[in-house]
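Read-outs throughout are calculated quantities, based only on the coordinates presented, and are distinct from any laboratory measurement. What you see is a predicted model; the values in this text were computed from it and never measured. Note that each Cβ is placed from the backbone with ideal geometry, even for glycine, and that neighbours are counted across all protein chains shown.
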Amino acid sequence: MTNQAYQIQQFIELSGALTDFNAYSLNGTGQVQSYYDTLTRIVGCVMVDELLSIFAAIYEAATDHEAFNEALRKHIIGNEKFGPVARNIIKLWYTGTWYQMAQFWRETYGMSDEDVTFFVSSASYAEGLLWQAIDANPSGAKGPGYGSWSLPPSINFDNCWQFKPFNHTS
Amino acid sequence: MNDRIINNIDDLHDMLDAAIQLEHATIPPYLTALYSIHPETNLEAAAAIRAVLVEEMLHMTLSANVLNALGKNPDLTAVGFVPDFPTRLPDGETDFSVSIDKFSPDTLETFLRIERPSKTSKDTTYSGPKGCLARSNHHAFQLRAVKPKSAPEYSFYSIGDFYTAIKEGIEYLEEQANQRGETIFTGDPSLQVSNEYYYSGGGQIVKVTDKDSAFRALSLIIEQGEGHGHEIFDSEGEISHYYRFEQLKHGQFYRVGDQPGKPSGNKFEVDFDKVYPIKRNPKLKDYPKGSQIYAAACAFNHNYQQFLSTVNKAFKGEQDLLLGAVCGMFRLKEHASQLIRNPIPSDSEYHGGPTFEMAYEQPSKDKQAQCPSEKMS
């Protein structure tokens, strides 16, 4: 596996843990590569490497889902440097939008000229996980068919992300 | 000697049933190629495939209207209605294979062969039924439209000959009936699917009640496919399927007045690299059991079969169901796209795709164990 392929695989797993949508759902949006590219372009390769390394270490050390969540909160979500990035990854997946990082973060960790609020693409808008989460179509896209609004939404958790204890022999 | 293909109403019913199967059989390959295209790329190619795809749905509905008008209901749930891909189609002396595959130069060639203006059999030296010939690989054809019921040892020279036989059959049988003061159009008019239930789907639906309207419906099927008199544009200025696809080879649109092979309209790019690498003619057994892709492919097949069953009921008088079926269709589209965008876990090269394997056999315990219980999600 090339380094980038490995990084992308880690990015998918991190995204899964943050959004609670599994790799199948995330790949299914067709947005993995463009979100990975967006993230590295704006916060830089070094920070993405660091974030993914911390994530891998947490994953490997955790014995169960609860311990994993605890470590994720402590070392990523609650971290001053990585927390805002992680929250941006969540918003990116749910809305297809990159939100400009908070001013304190920009002043401390870097101000990319590209760090402005924008839709990654028109496809990313339509592929936002929020629509899947509420089983609705994105307004103005993916027309669901005449009369579909009369049917109740079908919401299930078949594609939620699952922690699988790391197999140290593989 | 050229025997008539259709000699009684049963023959005609059977041929129209076969027409519905044939029109549907193009949908899985078109749909898969369409959704294999990366989002926001190949816009012209995607638009061309989509336009043809929805017209095939219209053709299926038009064929169903003709069959209903003749007093027989279609059966989209019949064993083998969805063929096992790859499937073969005749093309004159030769034939070709139709696969579920990604959008590629090969796939485009196949699409062109599907839609190519038919060289109908003018040769009367063949013995046997009109428009037919005996083929050495006869057994390789599974679509019912290829082999006439009254002469199953023969196959049609082309799909054009198949539709010619249907029109001649209607002409002949209706004339016979008229002489007795009767008509073959004895179907319940309330079973006709109308524009009320069928919308934005590639053209006007035709309600069929007599020979004229039946011919209008069949002519629309033939013209949209291969063009009127093999012209690029039809009388309403719509480009035929064949030339719609041919534009993709040239990377240029046809304009009215252009000669075949020499489009002069706007140019566009076709990028065959911006496509997900679907495994050709994927089967469930290609996906690791227990994987998400396996479960999703099972669910897709199950939902597709349910969708066909709903459309079948709609063709039998419950037209209201068609509105809900359209919503189901959009969900199927999302599910097909998801499959196609996912790599096969055990495979470093290929992505998944819908397999369109229908569960026709009585569900044995083995079969049930293969797929987890699905729900329409």
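For segment A:114-120, just list the computed ³J(HN,Hα) in residue order, Karplus coefficients 6.51, -1.76 and 1.60, θ = phi - 60°, integers in Hz, with x standing in for Gly and Pro.
8, 6, 10, 7, 7, 6, 4
Rounded, prolate or oblate: which fits segment A:69-149 when a ≥ b ≥ c are the square roots of the eigenvalues of the alpha-carbon gyration tensor, with rounded for a/c under 1.5 and prolate only if a/b beats b/c?
Taking the square roots of the gyration eigenvalues as a ≥ b ≥ c, segment A:69-149 is oblate.
Using a Gaussian network model on chain B with a 10 Å cutoff between Cα atoms, which of B:Met329, B:Met57, B:Met15 fluctuates the most?
The residue with the greatest mean-square fluctuation here is B:Met329.
Might you report the magnitude of the Cβ-based charge dipole of chain B about its Cα centre, with Lys and Arg at +1 and Asp and Glu at -1, to the nearest 20 debye?
Numbers: 38 positive and 52 negative charges, 171 e Å.
Roughly 820 debye for chain B.
Could you work out the helix-only [θ] at 222 nm for chain A, with each DSSP H run of four or more residues adding -39,500 (n - 2.57) and the total divided by the number of residues, to the nearest 500 deg cm²/dmol?
Taking each H run of at least 4 residues, the total per residue is -16000 deg cm²/dmol.
Going by amide H atoms built from the backbone, whose H comes under 5 Å of the H on B:Val275, apart from near neighbours?
Under 5 Å from the amide H of B:Val275 lie the amide H atoms of B:His38, each far enough along the sequence or on another chain.
What is the set of long-range amide H partners of B:Gly352 at a cut-off below 5 Å, with H atoms built 1.01 Å from backbone N?
Sorted by chain and number, the residues that satisfy this are B:Asn342, B:Ile344.
Most fluctuating residue of B:Ala48, B:Ala325, B:Ala140 in a GNM of chain B with Cα springs under 10 Å: which is it?
B:Ala140
If eta is 0.692 mPa s and T is 37 °C, what Stokes-Einstein diffusion coefficient results for segment B:1-155, Kirkwood Rh from Cα pairs, in µm²/s?
195
Using only Cα atoms, figure out Rg for segment B:154-224 and give it as a multiple of 2.2 N^0.38 Å.
It is 1.27.
P(r) for segment B:262-313: what percent of alpha-carbon pairs falls in each 10 Å bin, starting at zero?
Result returned by the calculation: 18, 28, 24, 18, 11, 0.
Mind running the shape call on segment B:205-259? Use the C-alpha gyration tensor, a ≥ b ≥ c as the square roots of the eigenvalues: rounded below 1.5 for a/c, prolate if a/b tops b/c, oblate otherwise.
Since a/c reaches 1.5 and a/b is larger than b/c, the shape of segment B:205-259 is classed as prolate.
What fraction, in whole percent, of alpha-carbon pairs in segment B:284-370 exceed 23 Å separation?
Beyond 23 Å sits 33 percent of the P(r) for segment B:284-370.
Let me check I've understood the local charge: for B:Arg50, count other residues with C-beta under 12 angstrom from its C-beta, Lys and Arg +1, Asp and Glu -1. What total comes out? The partial results should precede the final answer.
Numbers: positive: B:Arg244, B:Lys333; negative: B:Glu44, B:Glu55, B:Glu56.
Its environment carries a net charge of -1.
Any chance you could list P(r) for the protein assembly as shown, counting all Cα-Cα pairs in 20 angstrom bins from zero, rounded to whole %?
All Cα pairs, binned at 20 Å, distribute as 19, 48, 25, 7, 0 percent.
At 222 nm, what helix-only mean residue ellipticity would chain B give, in deg cm²/dmol to the nearest 500, using -39500 (n - 2.57) for each DSSP H run of four or more?
Details: 10 runs with 162 residues, N = 377.
Helix contribution divided over all residues of chain B: -14500 deg cm²/dmol.
Enumerate the whole-percent occupancy of each 10 Å bin, from 0 to the last occupied one, for all C-alpha pair distances of segment A:5-59.
Each 10 Å bin holds this share of Cα pairs: 24, 59, 17.
What residue among A:Gly143, A:Gly83, A:Gly28 has the largest mean-square fluctuation in a Gaussian network model of chain A, using Cα springs under 10 Å?
The residue with the greatest mean-square fluctuation here is A:Gly143.
If the viscosity is 0.692 mPa s and the temperature 37 °C, what translational diffusion coefficient in µm²/s does Stokes-Einstein give for chain B when Rh comes from Kirkwood over Cα pairs?
Numbers: Rh = 21.6 Å.
It diffuses with D of about 152 µm²/s by this estimate.
What number comes out for the charge environment of B:Asp210, summing +1 per Lys or Arg and -1 per Asp or Glu over other residues with Cβ under 15 Å away?
Value of the local net charge: -2.
Can you give the log10 of the normalised intensity I(q)/I(0) at q = 0.10, 0.11, 0.20 Å⁻¹, computed with Debye over equal Cα scatterers of chain A?
Computed log10 I(q)/I(0) values: -0.41, -0.49, -1.41.
Please turn the phi angles of segment A:145-151 into ³J(HN,Hα) values with the Karplus equation 6.51 cos²θ - 1.76 cosθ + 1.60 (θ = phi - 60°), one per residue in order, whole Hz, x for glycine and proline.
Those phi angles translate into x, 4, x, 5, 5, 7, 8 Hz.
What list of ³J(HN,Hα) couplings, whole Hz, do you get for segment B:185-192 from phi and the Karplus terms 6.51, -1.76, 1.60, once you set θ to phi - 60° and write x for glycine and proline?
My calculation for segment B:185-192 gives 8, 9, x, 6, x, 6, 7, 5 Hz in order.
What GluC sites (Glu not before Pro) in segment A:1-88 are in a loop by DSSP, with at most 16 other Cβ atoms within 10 Å of the Cβ?
The qualifying sites are A:Glu80.
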